[in-house]
Amino acid sequence: MIANKRGMTLIEIIIVIVVLSIAMLPLLVMYSNVVSKSAEGQFVPTAALLGQDLIEEIESKYYDEVQVAGSGPPWTLKQNLGIDAGEVAVNKNTFDDVDDFKDWTESTISGYPNYSSSVEVYYVNADDLDNHQNPDPPIANNEYTDFKKIIVTISHSQIGDIELVTVMQGY
């Protein structure tokens with residue numbers, strides 16, 4: 001006795017292909033989102049480490065130029081913050097104090113081609129140490145304080161900006 005062996009018709013096969021195609025589309029979209037988010041997850045820790053490295057480099061310098069000369073306060077006036085004579089704006093290896101990094105930028109961090117960095121340095125009053133809304137408080141150009149706020153920003157095209165903030169005190 002021969003059993004009735006019936007296969008799938010062409011129409012049934014086409015219907016299965018269409019249904020599977022429709023079902024797979026949301027899965028593929030979800031998969032692509034997961035892959036892109038996992039890549040972003042690698043950029044944030046790298047940016048944070050690069051920022052911390054730069055902050056440590058800045059903190060390893062003298063608080064102020066007058067410490068280099070061997071004296072203490074009064075510090076450099078607010079209007080004179082930035083690079084000093086004998087220092088080269090594009091070479092941070094020539095910097096010897098914290099405020100030399102004021103307005104310093106690096107368009108590409110060596111070894112990390114998609115990352116860039118920038119630094120801001122301000123005098124802050126003791127009352128403004130935790131006030132990040134106003135990073136440059138109203139201190140007259142011919143004054144100084146014993147505190148400098150350092151803001152390091154690491155940028156990456158896929159994650160945007162990561163900001164690290166610290167304060168140094170002169171003594």
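Any read-out appearing in this document is the output of simple, stated calculations on the displayed coordinates, not a laboratory observation. Just so we're clear, the structure is a prediction, and the values are computed from it rather than from any experiment. We place every Cβ from the backbone using ideal geometry, glycine too, and count neighbours over all the protein chains shown.
Things worth noting here:
- You will find that of 122, 144, the residue that is surrounded by 11 or more Cβ atoms within 10 Å (Cβ to Cβ), in contact with a Pro (Cβ under 8 Å, 6 or more places away or on another chain) and either touching a residue at least 60 places away in the same chain (Cβ under 8 Å) or not in a strand (DSSP E or B) (or both) is 144 and no other.
- Restricting attention to the range 68-89 and to residues that are in a loop (DSSP other than H, G, I, E, B) and among the polar types (S, T, N, Q), the residue that is nearest to residue 107 (Cα to Cα) turns out to be 76.
- First in the range 72-100 and under 16 Å from residue 62 (Cα atoms) and touching a residue at least 24 places away in the same chain (Cβ under 8 Å), second anywhere and surrounded by 13 or more Cβ atoms within 10 Å (Cβ to Cβ) and of a type in the set (Asp, Glu), Cβ under 6 Å, 6 or more apart: 75/64; 76/64; 76/65; 81/99; 95/87; 97/64; 97/65; 100/87
- Within the range 102-119, not a single residue is touching a strand residue (DSSP E or B) at 6+ places or on another chain (Cβ under 7 Å), over 26 Å from residue 41 (Cα atoms), surrounded by 11 or more Cβ atoms within 10 Å (Cβ to Cβ) and in contact (Cβ under 8 Å) with a residue 24 or more places away in the chain.
- Residues satisfying the stated conditions in the range 76-95, i.e. over 20 Å from residue 165 (Cβ atoms) and either among the β-branched types (Val, Ile, Thr) or more than 23 Å from the chain's Cα centre (by Cα) (or both): 76, 77, 79, 80, 83, 84, 85, 86, 87, 88, 90, 94
- Residue among 48, 89 that alone is surrounded by 10 or more Cβ atoms within 10 Å (Cβ to Cβ), aliphatic (A, V, I, L, M) and touching a strand residue (DSSP E or B) at 6+ places or on another chain (Cβ under 8 Å): 48
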